[in-house]
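Just so it is clear, none of the values below were taken in a lab; they were calculated from the coordinates. The model shown is predicted, which means the values in this text are computed figures rather than measured ones. Using ideal geometry, Cβ is built from the backbone for each residue, glycine included, and neighbour counts are taken over all protein chains shown.
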């Protein structure tokens, strides 16, 4: 079979992949609201072992999707964590069966506010029920069950992906052997909520938003683009921005208009306008709220009497000021106090929060060895 | 599994630690470095170990060995461990790099039933000679770094440590002295390069 591709796919890559869909009925949410039908967009890479003991779930960040590795037919860019997933990579697809799905309330194939409400025949908009991180994880659990897997070897993810990882340990501790939360937190700080709120206000302040019912009249692109611009600033660091957008002499000119005079302005404008083509504004609101309300400690997380044994690998990055290292250290301290197995590394990086997508060599070093030792152990116990 | 440590005195001290902790004990190694000691104890003594280490590169080596380690300053994490949660807390070659000695030892004795400490003796005759005759800050096999690039911030002798334990009312239950990769008993403060103490409250 020949593929028309402008680029050459490396032998380490999982190759051409397709997003698949799984639909189930009657999902009861944490707040008791019901969704009569839920479709989940997901991708898988590698092969599920006979014992079904080699499955790893990758949880995506705020604006991510199910496509985390390989290429879609005709695409020139691979999935969002392609450098981590594949032949001999951190998540080695020769050994493991890797699953990634789009989150509930998402807009990349999984049911969300831009999906058609079967009761009205129109998009849900803001009639979509409020969802939580627990609901997101419940939907993932349904998918994992559908794939015939009782216990995952690991759940891994950065940023909001890391929150889902912690939520798995909270909701389904018996169904995971290990957890890899990266650049994340047990709950949002006021600063993190504040940034999200500015993003939401930007969306809701756009006249096109119309209380979320804009699907026939045109999207609030302006507001969503500005929200995304703000987001991008928080994902970088002072140092990484200096390196990426060094101020050129010509940019310093006293004469200016209100176009993008500086490279960083151009970059943010480009990022904003690219984002609105692939992302739904209502999803932005629902998911950011789910993050702000996430608090794994609001109930008894990993109660002693349950005798839970999960191996945790916690990773943070020194220049990450959106999810600072102290938040990961708090996770580590909490888990230690609960007597859990925890390994922690605070990776030196200047990339800021984006580091979890960029510090591939160090992350690979940790994750590959952690998983391989764990997999050997799981196999020797049997 | 064989233990490979280039410095023979430290190798001997690690073998002694393995003897002391025995089989199937629980160990917290503070300043565990590349995890050589922990890996040795896990493989040969069936020990359940955890480590704390400040060097990022060392953390990678520990994870490669399948060890459970925290990337942190020793001072910063001790409060998370419950009292008496380990049979042994080990400070091997790390005491001389600790900022808050009093707190760290007090915490170690709370967390571990016993604490094993291994440190280079700063009053060894070769160091005295270097300082006295050459007038230079000593550089030896036990203290291989020059004054300007040593991680050590404490320079203590065997006598200093014994006096310290006496003042703090810590019980020294075992002690071993190493000189030129052999155990020694004669005038340890003068002739021992490395000292191993097992203390308790």
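For the range B:61-116, what does the relative contact order come out to in percent, with C-alpha contacts under 8 Å and a separation of six or more?
Working: 54 pairs, mean separation 23.5, N = 56.
Relative CO of the range B:61-116 lands at 42 percent.
Quick one: length gained pulling residue A:126 to residue A:230 fully straight, 0.36 nm per residue minus the C-alpha distance?
Value of the extension gain: 35.1 nm.
Just need the relative contact order of chain A here, percent rounded to a whole number, with Cα pairs under 8 Å and 6+ apart.
17
What is the calculated FRET efficiency for residue A:326 to residue A:147, with r their C-beta to C-beta distance and R₀ = 35 Å, to the nearest 0.05?
0.45
Any idea how far apart residue A:116 and residue A:358 come out in nm if each label point goes 7 Å out from Cα toward Cβ?
That separation, rounded to one decimal, is 4.2 nm.
The range A:283-360 to the range A:253-278: how many Å between their Cα centroids?
Taking the Cα centre of the range A:253-278 as reference, the centre of the range A:283-360 is 33 Å away.
Shielding by partners for B:70-79, please: the mean number of other protein chain Cβ atoms within 10 Å of each residue's Cβ. Write out the running numbers ahead of the final one.
On the way: counts 10, 12, 6, 0, 0, 0, 2, 5, 0, 3.
Across the residues of B:70-79, the mean count of other-chain Cβ atoms within 10 Å is 4.
Given C-alpha coordinates of the range A:223-382, what is the ratio Rg to Rh with the Kirkwood estimate of Rh?
1.08
Taking all pairs of different Cα atoms in the range A:90-141, averaging 1/r and flipping that mean, what Kirkwood radius in angstroms comes out?
Final number for the Kirkwood radius of the range A:90-141 is 12.7 Å.
At 37 °C and 0.692 mPa s, what whole-number value in µm²/s does Stokes-Einstein give for the translational diffusion of the protein assembly as shown, with Rh from the Kirkwood sum over Cα pairs? Spell out each step's value before the answer.
On the way: Rh = 26.6 Å.
Calculated translational D: 123 µm²/s.
What residue among A:214, A:42, A:96 shows peak mean-square fluctuation when chain A is described by a Gaussian network model with Cα springs under 10 Å?
Taking springs between Cα atoms under 10 Å, the residue moving most is A:214.
Gaussian network model of chain B, Cα springs within a sub-10 Å range: biggest mean-square fluctuation belongs to which of B:185, B:71, B:14?
Highest fluctuation of the listed residues: B:185.
Given bins 10 angstrom wide, list per bin the percent of all Cα-Cα distances in chain B, short to long.
9, 36, 39, 15, 2
What's the center-to-center distance, using Cα atoms, between the range A:78-145 and the range B:45-79 in Å?
35
Using the number of other C-beta atoms within 10 angstrom as an exposure proxy, rank A:136, B:101 with the fewest first.
Going from least to most buried by this count: B:101, A:136.
Please pull out the direction-averaged projected area of the range A:192-290, using the convex hull of its alpha-carbon atoms, in nm² to one decimal place.
If I average the Cα hull's projected area over directions, I get 7.5 nm².
May I ask you to compute the full-extension gain from residue A:305 to residue A:76, defined as 0.36 nm times their residue separation minus their alpha-carbon distance, rounded to one decimal in nm?
The span from residue A:305 to residue A:76 would gain 77.4 nm if fully extended.
Roughly what would the spin-label model give for residue A:248 and residue B:139, points 7 Å off Cα along C-beta, in nm?
4.9
Rg(Cα) of the range B:1-50 divided by 2.2 N^0.38 Å?
Numbers: Rg = 9.9 Å, N = 50, 2.2 N^0.38 = 9.7 Å.
Normalised by 2.2 N^0.38 Å, the Cα Rg of the range B:1-50 equals 1.02.
Give me the percent relative contact order of chain B, please, defined on Cα pairs under 8 angstrom at least 6 residues apart.
Working: 375 pairs, mean separation 39.9, N = 201.
Relative contact order, chain B: 20 percent.
Peptide A:339-347: average number of partner chain Cβ atoms within 10 Å per residue?
6
Would you list the P(r) distribution for the range A:237-321, with all Cα-Cα distances sorted into 10 Å bins from 0 and each bin expressed as a whole %?
So the P(r) values, bin by bin, are 11, 22, 28, 20, 12, 5, 2.
Treat the count of other C-beta atoms within 10 Å as a stand-in for reagent exposure and order A:359, A:145, A:265, A:119 from fewest to most.
A:119, A:145, A:265, A:359
Test of understanding: ordering A:197, A:50 by Cβ neighbours within 10 Å, fewest first, what list do you get?
If I rank by nearby Cβ atoms, fewest first, I get A:50, A:197.
Within 10 Å, count the other beta carbons around each residue, average over each peptide in B:132-142, B:87-97, and list them highest first.
Packing proxy ranking, top to bottom: B:87-97, B:132-142.
With just the Cα atoms defining each centre, how far is the range A:173-231 from the range B:20-40? Give it in Å.
46
Mind checking which of B:63, B:104, B:80 has the largest fluctuation in a GNM of chain B, springs on alpha carbons under 10 Å?
B:80
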